[in-house]
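Below: one structure, written as C-alpha cells.
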Amino acid sequence: MDDTEILEAFGPLLLDLNDVYILEQERPLLAHYTSMEVLEKILKTEEVWFSNPLFMNDLEEVRFGFHRGREIFEQSETIRAACDTADRYNALKHDFYHYFNKFDQKHALDVYVFCLSQHERENEDGRLSMWRGYGGQGNGAALVFNTRFFGANPNSPLLIAKVRYGSGAQRLADLNARVDQWCQILRQAMLPDDKLYLAAFAFFLLIKFFALVTKHIGFKEEEEWRVIYMPEYDRLKIFEESRDYVITARGVEPKLKFKVAPLPMAPAGQPWTFSDILEAIILGPSVSSPLAKMAVLRMLETMQKVEFQKKVVSSSIPLRPT
C-alpha cells in the first residue's frame, strides 16, 4: 500500500466520530449562542471566529483525551503485541512521541473549534441552559443555521462532529475499544518498518480527535456539535492567513477567522451565501421586549441587512438576568 492507502486503512477509526455523513441525511438546525456585541460583529462581517479549546471551559475535557490516550499507548500490551517485535514497538513509540510532542510544543494553538447546539425546528425560544451558559444570561442572541448546503469533502480542513457524552469510565472504555481496532488494523496491514510512522500518526489523530469530540455526561443537555479546524488537513493552506487573536479578561486568546461562505474546494453548482444558511436570529429572554426587537431591526437596517429582519424572533422564556 502507498502512504494514502495506509492512512485510509485507519480512516474508519475517525469516520464514525465525524458526523458529516449523518449530517447529510438528517440536516439538523444548529444554533450558536453569543452576546449581542458578538452578534453585531457576525452579522456585519458575515464572519465567525473559531476558538482554541485549550482556552475554553473544555480544557480539562481536552486534556482527558490526550492524557488518557498517551497513557494507553505507554501501558497497552495489545499495542506491543500488534508490533510483533520490540524493535518495531520502539520505532512506533518514537514516532508517536514525535507527533505528540510536536503538537504539544508547536501546534496546540493551531486547532480551533466553533461550537453550536442542536436546535429543534419548531423551537423559537432557544435552550435555557445555553442562554445561561453562553447567551449572556439571556441578554444575548442565538444564530440558527441550517445545514442543507453542508457536504463531505475529503480535501476540506473542516470537520463536523456531534459531541459524544459519557462518564470518565465510559469515555475511557470507548477509547480503549478504538485502540483495539487500531491494533487490528496494524496487524492486518503488515506495514514495513519504514512505514510505521504512518500508523503512529493515525494513532495520534485518533486521540486528538477523540479529545475534541467527547465531553463529560454533565454537559449532555447542550447537545453540542462542533466545526473543527484540523491543520493537518489544510493542505491548500486555506486558513493560513486567518489566524488572529482577542484580548479578554483571561489574557490574549488565539482565534481563527472564518468567512461564512463555500470553501475553495466546494463542488461546483452548490453556491450559497450567509443569508442562505441563516435560518433565524433568536433574541434572548432578557432582551426580547417589543422595544428591544425594534432596536435590533433598526440595527439590521443600518447595516443594510434588511433581508435578515424577517428572521428575527424573540424568546418567550420567562428568564431574568441575575
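All of the numbers you see were taken from the coordinates with simple rules; none came from a lab. This one's a predicted model, so the numbers in the text were calculated from it and none came from an experiment. Positions of Cβ are generated from backbone atoms using ideal geometry, with glycine treated the same way; all protein chains shown enter the neighbour counts.
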Label point 7 Å beyond Cα of Ala261 along Cβ direction - residues of segment 34-54 with amide nitrogen under 11 Å: 46-47
All-pairs Cα distance distribution in segment 240-297, expressed in whole percent, bin size 10 Å: 16, 24, 33, 24, 3
Residue order, fewest to most beta carbons within 10 Å, for Leu186, Leu159: Leu159, Leu186
Candidate aspartates and glutamates - alpha carbon under 18 Å from Lys293, same-chain residues fewer than 8 apart omitted: Glu37, Glu40, Glu124, Asp125, Glu279, Glu301, Glu307
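Nearest 20 debye, what's the magnitude of the dipole of segment 132-251 about its Cα centre given +1 on Lys and Arg Cβ and -1 on Asp and Glu Cβ? Let's see the in-between values first.
Details: 16 positive and 13 negative charges, 51 e Å.
That gives a dipole near 240 debye.
How large is Rg over Rh for segment 86-165, taking Rg from the Cα atoms and Rh as the Kirkwood inverse mean of 1/r across Cα pairs?
On the way: Rg = 19.9 Å, Rh = 17.0 Å.
Expressed as Rg/Rh, it is 1.17.
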Cα gyration tensor, segment 166-257 - rounded (a/c under 1.5), prolate or oblate: oblate
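What Kirkwood radius, in Å to one decimal, follows from the Cα pairs of the chain? Write out the running numbers ahead of the final one.
Values: mean 1/r = 0.0468 Å⁻¹.
That comes to 21.4 Å for the chain.
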Dipole axis of the chain (+1 Lys, Arg; -1 Asp, Glu on Cβ), positive-most option in Gly11, Gly138, Val163: Gly138
Theoretical gain in end-to-end length, Lys293 to His98 [0.36 nm per residue, Cα-Cα removed]: 64.8 nm
Mean separation of Cα contacts under 8 Å (6+ apart) over length of the chain, as relative contact order %: 31 percent
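Subtracting the Cα-Cα distance from 0.36 nm times the residue separation, let me have the gained length for Lys311 to Thr78 in nm, one decimal. Provide the component values of the computation, followed by the final result.
Details: separation 233, 0.36 × 233 = 83.88 nm, distance 5.46 nm.
The Lys311-Thr78 span can extend by a further 78.4 nm.
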Paired Rg and Dmax values of segment 49-96, which use every Cα atom, in angstrom: 15.1, 47
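With the Cα gyration tensor of segment 1-141 giving a ≥ b ≥ c as the square roots of its eigenvalues, does the rule (a/c under 1.5 for rounded; else a/b larger than b/c for prolate; else oblate) give rounded, prolate or oblate? Working shown, then result.
Working: a/c = 2.66, a/b = 2.10, b/c = 1.27.
Verdict is prolate for segment 1-141.
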Cα gyration tensor shape of segment 185-322, rounded if a/c is under 1.5, else prolate or oblate by comparing a/b with b/c: prolate
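Just subtract the alpha-carbon distance of Glu26 and Ala108 from 0.36 nm times their residue separation and send over the number in nm, one decimal. Numbers along the way, then the final one.
Details: separation 82, 0.36 × 82 = 29.52 nm, distance 3.24 nm.
Extra length available between Glu26 and Ala108 comes to 26.3 nm.
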Stretch in the chain that is longest and holds no GluC sites (Glu not before Pro) that DSSP places in a loop and that have at most 16 other beta carbons within 10 Å: 125-239
Segment 188-231 and segment 60-84: distance between their alpha carbon centers, rounded to Å: 12 Å
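Let's test the formula: R0 of 41 Å, r as the Cβ-Cβ distance of Lys44 and His216. What FRET efficiency results, to the nearest 0.05? Mind showing how you got there, number by number?
Details: r = 36 Å, r/R0 = 0.87.
Result of the calculation: an efficiency of 0.70.
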Descending semi-axes in Å of segment 151-211, equivalent ellipsoid built from Cα gyration tensor: 23, 19, 9
